[in-house]
Amino acid sequence: MINILEKLHEKFLENESHERIKFLRRQNNLTIREAAEKSITTEKCWSDWEHGKVVPRDKNKKIIASVLGVDVETIFGTSQEVEEFIR
């Protein structure tokens, strides 16, 4: 069990912010449609964020973090900030 958690931890740290958005959405058992509805945006917009096609503006970063139940730094912060979240 510890090996699985360690691998998840390492993978999360290696991911870019758009991959973290997708990972956290799935952890919250949300579909793209549900996440888009909660963020009052379109499915295409949310999908573009997850695929790294569009970098969210600062106001949208706050909305994304709120929908996913984390701080903005957890998704868009430095590796050290993400490291602190995982611990």
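At-a-glance table
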item	result
Any pair with Cβ under 7 angstrom, 6 or more apart, that starts in region 25-37 at a residue that is farther than 14 Å from residue 63 by Cβ and free of Cβ contacts under 8 Å to residues at least 24 places away in the same chain and ends at one that is polar (S, T, N, Q) and surrounded by 12 or more Cβ atoms within 10 Å (Cβ to Cβ)	32/47
Test: residue in region 17-24 that is surrounded by 12 or more Cβ atoms within 10 Å (Cβ to Cβ), assigned to a loop (DSSP other than H, G, I, E, B) and at pLDDT below 95	no
Near pairs, Cβ below 9 angstrom, 6+ apart or cross-chain, from region 62-82 (in a helix (DSSP H, G or I)) to any residue that is of a type in the set (Ser, Thr, Tyr) and modelled with pLDDT under 95	65/74; 68/74; 75/17; 76/17; 81/74; 82/74
Qualifying positions in region 25-53 - assigned to a loop (DSSP other than H, G, I, E, B) and either out of contact with any His (no Cβ under 9 Å at 6 or more places or on another chain) or small (Gly, Ala, Ser) (or both)	28, 29, 30, 31, 39, 40, 41, 42, 52
Restricting region 30-87 to residues that are at pLDDT below 90, among the hydrophobic types (A, V, I, L, M, F, W, C) and farther than 16 Å from residue 18 by Cα, the residue that is surrounded by the most Cβ atoms within 10 Å (Cβ to Cβ)	85
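The values are calculated or read from the model by the stated rules, or taken from the named source; none is laboratory data. Remember, predicted model here, so these are calculated numbers, not experimental data. Note that each Cβ is placed from the backbone with ideal geometry, even for glycine, and that neighbours are counted across all protein chains shown.
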